[in-house]
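For reference, the structure is listed below as structure tokens.
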Amino acid sequence: MKVQVDERGYYGNFGGAYIPEMLYPNVEELRENYEQIVGAAEFQEQFDGLLKDFVGRPTPLYAAERLSEQYGANIFLKREDLCHTGAHKVNNTIGQILLAQRLGKQKLIAETGAGQHGVATATVCALMGVECIVYMGEIDMARQRPNVERMRILGAEVRAAKSGSRTLKDATNEAMRHWINNPTDTHYIIGSVVGPHPYPEMVARFQSVISAEIKTQLNEKLGRTNPDYVIACVGGGSNAAGAFYHYYDEADVKLIAVEAAGKGNETGESAATTVLGKPGVLHGSKTLLMQTEDGQVVEPYSISAGLDYPGIGPVHAHLHETGRAKFYSVTDDEAMKAGVQLSRLEGIIPAIETSHALAALNQMKFNTDDVVVLNLSGRGDKDLETYIKWGKY
Ligand SMILES: *Cc1c(COP(=O)(O)O)cnc(C)c1O
């Protein structure tokens, strides 16, 4: 099955660009130019160079022996937790700042929920000496104080979104408004495979370095490029899209996406979009989203700030609808336990987002010769407070 975006920006029934007319010129400029810019050898050279020397790529593909023993399979961890700034997000912000420079944009804006994408954006803006404004919900700013200060140390301005629920969705609205008002000198860096076309495909391409490296590294280790399974957690879906990208059309590779079930999918406190969502339009694209009968977006819940999103990227809605990827959902408690388990078995404290992918191993059945690649999207330093509050270790 082909999983390719068409020229209108659709993956099957999902995607497109549902934007206010005022935003049309900005998005159109991006759509017209990005493929040519990103496709140029000179761009690719600078992108690869920064990924190597600034981010620290290639990240290792690590054979996790004690974890493998636990689950009766050959499990490899793709170590995105070892990227500079502690997660995969910087792969995308590097790509987008290089693109912004070639579009002649001197200023960058971003939205952030937990602050991880904001930090990754502030980091590349400092690297390039570019002005950076990050919109963040007022509530999130209070909850994620260390990341707010990180962004400020890096020289970014953090602007509080004070409307609505004062969280990610309101920060996104304010960033959009800013972009509409400053179309000529500003580029908007979206942090996941969401938003209007061409963002989802553009972000997926920047993250596709993950699966490109997996192919090479697996071939070096085992003499085969394809594992039996690729597993990743899904918030908006960028680390999963990156880990799946070069395997979409390889039918022998099973793609496993893991969502956050919060306190349980029947409790009203969940973020498992493929279980609870219906088709609708969110942040500029048609996708699955959690909504009320009359189409109001439902506030999602997860212990993990990075998975606490009411939708998923359109490519994942398509992977779900066609059955190309299998979706699991994992509760807060299951994820926390899996995070502690990995810490004890392998000496790696994972991000709580990533712990959801790890917990899905408990729901799966493997043959002893199965090769499983799990994308370790980030490290747990940022989540120490949450581990401490949970306390069961
Ligand atoms: C932000 C984040 C995620 C979720 O975002 P995706 O776009 O779904 O990848 C997952 N893991 C970590 C460590 C994150 O920081």
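The values are calculated or read from the model by the stated rules, or taken from the named source; none is laboratory data. Here the structure is a predicted model, which means the values were calculated and not measured. Note that each Cβ is placed from the backbone with ideal geometry, even for glycine, and that neighbours are counted across all protein chains shown. Accessible surface is based on the protein model in full, side chains and every heavy atom, while ligands, DNA and RNA are left aside. Shrake-Rupley method; radii C 1.70, N 1.55, O 1.52, S 1.80 Å.
Worth pointing out:
- So Gly86, is it farther than 17 Å from Ala357 by Cβ, surrounded by fewer than 23 Cβ atoms within 10 Å (Cβ to Cβ) and of a type outside the set (Lys, Arg): no
- Top-ranked residue of region 169-185 - restricted to ones that are in contact with a Leu (Cβ under 9 Å, 6 or more places away or on another chain) and among the hydrophobic types (A, V, I, L, M, F, W, C), ranked as nearest to the ligand (Cβ to nearest atom): Met176
- The listed residues are Lys52, Lys78, and the only one of them that is assigned to a helix (DSSP H, G or I) and of a type in the set (D, E, K, R) turns out to be Lys52.
- Residue in region 105-117 that is more than 14 Å from the ligand (Cβ to nearest atom) and open to solvent by 50 Å² or more (accessible area, probe 1.4 Å) present: yes
- Residue in region 55-69 that is within 26 Å of Met136 (Cα to Cα), surrounded by 14 or more Cβ atoms within 10 Å (Cβ to Cβ) and in contact (Cβ under 8 Å) with a residue 24 or more places away in the chain present: yes
- Qualifying helices (runs of 4 or more DSSP H) (wholly inside region 186-299; at least 3 residues being more than 11 Å from the ligand (Cβ to nearest atom)): 199-207, 209-222, 273-276
- If the condition is being at positive phi and under 14 Å from the mean Cα position of the chain (by Cα), then region 110-129 contributes only Gly115.
- Condition met for His178 (open to solvent by less than 50 Å² (accessible area, probe 1.4 Å) and either among the β-branched types (Val, Ile, Thr) or outside any helix (DSSP H, G or I) (or both)): no
- Look at region 339-366: where a residue is assigned to a helix (DSSP H, G or I) and a partner is aromatic (Phe, Trp, Tyr), sitting 6+ places away or on another chain with Cβ atoms under 6 Å, you get Val340/Tyr393; Ala360/Tyr328; Leu361/Tyr71; Gln363/Tyr328.
- Scanning region 367-393 for residues that are part of a helix (DSSP H, G or I) and under 22 Å from His88 (Cβ atoms) yields Asp381, Lys382, Asp383, Leu384, Glu385, Thr386, Tyr387.
- Applying the condition of being under 19 Å from Thr85 (Cα atoms), part of a helix (DSSP H, G or I) and not basic (Lys, Arg) to region 143-172 and asking which residue is farthest from the chain's Cα centre (by Cα) yields Ile153.
- Residue count for region 271-315 satisfying the condition of being open to solvent by 50 Å² or more (accessible area, probe 1.4 Å), touching an Asp or Glu at 6+ places or on another chain (Cβ under 9 Å) and among the hydrophobic types (A, V, I, L, M, F, W, C): 1.
- Evaluation of Gln106 against (1) under 30 Å from His283 (Cα atoms); (2) out of contact with any Asp or Glu (no Cβ under 6 Å at 6 or more places or on another chain) (one fails), failing number: (2)
- Among the residues making up region 356-377, those that are within 16 Å of the ligand (Cβ to nearest atom) and under 19 Å from Lys326 (Cβ atoms) are His356, Ala357, Leu358, Ala359, Ala360, Val373, Leu374, Asn375, Ser377.
- Cβ separations smaller than 6 Å between residues 6+ apart or across chains give the following pairs from region 237-254 residues that are modelled with pLDDT of 95 or more to residues that are within 11 Å of the ligand (Cβ to nearest atom) and among the hydroxyl-bearing types (Ser, Thr, Tyr): Ser238/Ser192; Asn239/Ser377.
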